[in-house]
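First comes the structure, then the notes that go with it.
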Amino acid sequence: MDTSYNEYKEYRECMDYLDFSNINIFLAYNINVDAIKYYTSGKEIQNLIERYGEDDIIEKYNEYPRKICNPIDYIARLIHAMANGKPAEVPLLDDENLNKWFDNFKYDEERMGGQVGIIANLLSILRTKKVIAYSPILSKKQAEMFVDNDNLVYPSVVDGNLVLKKPIESYKENDPLKINRIFEYKEGIEFKLGPKHIITPIANRFIVASRPDKLRLEIKEDLKEKLPEIGEQIDCAIFSGYQGIKEKYSDGKTYEYYFTKAEEDLDLLRQKNKKIKIHLEFASIQNINLRKNIINRILPKMDCLGMDETEVGNLISTMGYEELGQKIIKDSKMEDVVEASKIIMETYPNLELLQVHTLYYILVMCKKDNPLTTKQLKKILELATILAATKAKLGEISNDSDLFKGLTVPRNKYNELFKSIVDNLQKEEKYKNYKIVATPSRLVDVPKSTVGLGDTISSGAFVGYVSLLKEANKK
């Protein structure tokens, strides 16, 4: 009885403190359908190994393919992800026969996917004042996966005017459907690959991401003209999906063309409202050339950045700190993540907030002169842990009262360790100009799903941050 009362009190305090109803937000670019298959034992993996040949799979495993061009590429990268227990996303060759091969899997469920889709539904449920969600393609099936709330709208241009309507009123009959195949696996799955006896160390997922040629990461020209008008209506924006850009398209256009368009989009959104806070949600990007373009062309235009620890490692490696990047990916030490975060913030002084989410903790770093206090930043992270635990436990967040379920999930056992690490780092001379705040995650023993947890954490923390900044500026 007392525990329930205390949890309810904490839930109410958190919801009252972080009120999203004062925030208007714009989201771009990526939505898709997630077709999800759950691996619950090693038998299916063993069957795939036997069917496609152990020697060929071992060879591919060692090659570490960065694109799925055939079934063996898929099996090798799936096994690599399962052996390491790390989230991974690898693009799929846009090939009709390969897509048919993946369609033959028996998927357990279909639901909203893509960073914009997941974040839009969540923020709408959390009673954000207005959520404007944009993707360059919107099929009927995709539109039906958005929550049917008045505060969630899709931008269109009708008779030369900007129109904000519900997604279900805005879909286009001829738009293609983008489907990502998500392969979730639980902890403790066992199988063999040659001499390797593999046991999955933790529950996680492997994403085979479709990259249809018809999908171009851009804001269409008619709407592009209205971006300054949209900018006047919003407080903040989250941009994501840059990992979907391809090096070359069938019509001859290249990544150069679409990165230039992306830069223009950001500039136009800010044209009439310089106060907008813009967040980049990073993602697993296999192509190093594309990763460099995101880091060099998109990151300098952002105010906030959200990543998981693998993405921190990849980003810092691409910046030239390969030894530190490999240490982060291999050892997952908080001290290394903080060091990398500092390097990123020093390299990109435009960043005012950097957020890192891992299995065991969520961390933010900002400059010492940030107007939010350490206590306020910690409150933001507390909400993020509740959101993540709720999504992991239930699979989806359907209404804000679901968050009470997240509060019943205990924090993991490393609370005191993280606290001591942060306290010690904060005393070091090299961090004297920064605030570092971390909170332990609420760890679900057997998560319903792990897809979208990072997006859930980042968006909750970012919008909470902007909301508190907005309130602080009123005083």
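Projecting label points 7 angstrom from Cα along Cα→Cβ for residue 474 and residue 220 puts them 3.8 nm apart.
On region 242-355, 45 percent of the accessible area sits on carbon and sulfur atoms, based on a 1.4 Å probe. Taking every protein chain into account, the accessible area of the chain amounts to 43 square angstrom per residue (probe 1.4 Å). Rounded, prolate or oblate: pick one for region 72-163, where a ≥ b ≥ c are the square roots of the eigenvalues of its C-alpha gyration tensor, a/c under 1.5 means rounded, and failing that, prolate if a/b is larger than b/c, else oblate. Prolate shape, in that a/c is at least 1.5 and a/b is the bigger ratio.
Can you compute the helix-only [θ] at 222 nm over the chain? Use -39500 (n - 2.57) per DSSP H run of at least 4 residues, normalise by all residues, nearest 500 deg cm²/dmol. Mind showing how you got there, number by number?
Numbers: 18 runs with 202 residues, N = 475.
Estimated from H runs of four or more residues: -13000 deg cm²/dmol.
Each of 313, 157, 350 was scored by the projection of its Cα onto the charge dipole of the chain, and the greatest displacement toward the positive side belongs to 350; charges sit on the C-beta of Lys, Arg, Asp and Glu. For region 168-304, the share of DSSP beta bridges that are antiparallel, to the nearest 5, is 65%. Only Cα pairs under 8 Å and 6+ residues apart enter the sum, and on that basis the relative contact order of region 332-475 stands at 33 percent.
Quick check on the chain: take the gyration tensor over C-alpha atoms, sort the square-rooted eigenvalues as a ≥ b ≥ c, and tell me if it's rounded (a/c under 1.5), prolate or oblate. The shape class here is rounded.
Evaluated with a Cβ-only charge set (Lys, Arg +1; Asp, Glu -1), region 53-105 carries a dipole of roughly 280 debye about its Cα centre, given to the nearest 20.
Taking the Cα centre of the chain as the origin, how large is its charge dipole in debye, to the nearest 20, when only Lys and Arg (+1) and Asp and Glu (-1) carry charge on their Cβ atoms?
Working: 70 positive and 73 negative charges, 177 e Å.
The dipole of the chain has a size of about 860 debye.
Below 8 Å between Cα atoms, with a sequence gap of 6+, how large is the relative contact order for region 242-355 in percent? If you can, show how the numbers build up before the last one.
On the way: 122 pairs, mean separation 26.6, N = 114.
Relative contact order for region 242-355 comes out at 23 percent.
Loop-resident GluC sites (Glu not before Pro) (DSSP state other than H, G, I, E or B) in region 406-475 with no more than 13 further Cβ atoms inside 10 Å of their Cβ: 428.
Have a look at the DSSP beta bridges in the chain and tell me what percent are antiparallel, nearest 5. Working shown, then result.
Values: 33 of 69 bridges.
Taking every DSSP beta bridge with both residues in the chain, the antiparallel ones total about 50 percent.
Going highest first, how would you order 188-196, 398-406 by mean Cβ packing within 10 Å?
Numbers: 188-196: 14.1, 398-406: 15.8.
In descending order of packing, they fall as 398-406, 188-196.
Please sort 140-146, 178-184, 78-84 by packing, taking for each peptide the average over its residues of neighbouring beta carbons within 10 angstrom, highest first. Don't skip to the answer; put the middle values down first.
Numbers: 140-146: 18.1, 178-184: 22.4, 78-84: 20.6.
Ranking, from highest mean packing down: 178-184, 78-84, 140-146.
Dipole of the chain computed with +1 at Lys/Arg Cβ and -1 at Asp/Glu Cβ about the Cα centre; of 200, 126, 374, farthest Cα towards the positive end is 374. Name all residues of region 427-448 having a backbone nitrogen under 17 Å from the label point set 7 Å from the Cα of residue 374 along its Cα→Cβ direction, giving them as ranges. Counting only backbone N, you get 427-440.
Just subtract the alpha-carbon distance of residue 38 and residue 190 from 0.36 nm times their residue separation and send over the number in nm, one decimal. If you can, show how the numbers build up before the last one.
Working: separation 152, 0.36 × 152 = 54.72 nm, distance 1.46 nm.
Length gained, residue 38 through residue 190: 53.3 nm.
Annotation for residue 408 and residue 346: the two label points, set 7 Å from Cα along the Cα-Cβ direction, are 4.7 nm apart.
Compute the separation of the alpha-carbon centres of region 70-91 and region 381-435 and state it in Å as a whole number. About 28 Å separates the Cα centre of region 70-91 from the one of region 381-435. Ordering 118-130, 443-455 by mean Cβ neighbour count within 10 Å, with the highest value first, yields 118-130, 443-455. Simple point charges give the picture: +1 on the Cβ of Lys and Arg, -1 on the Cβ of Asp and Glu, and for region 188-239 a dipole about the Cα centre of about 620 debye. Take every pair of alpha-carbon atoms less than 8 Å apart whose residues are at least six positions apart; their mean separation over the length of the chain yields a relative contact order of 17 percent. Taking amide hydrogens as placed 1.01 Å from N in the peptide plane, the amide H of residue 178 sits under 5 Å from those of 33, each at least 5 positions away in sequence or on another chain.
The values are calculated or read from the model by the stated rules, or taken from the named source; none is laboratory data. Not measured: the values here are computed from a predicted model. Glycine also receives a Cβ, built like all others from the backbone with ideal geometry; neighbour counts cover every protein chain displayed. In case anyone asks, the SASA skips ligands and DNA or RNA and just uses the protein heavy atoms, side chains included. Shrake-Rupley method; radii C 1.70, N 1.55, O 1.52, S 1.80 Å.
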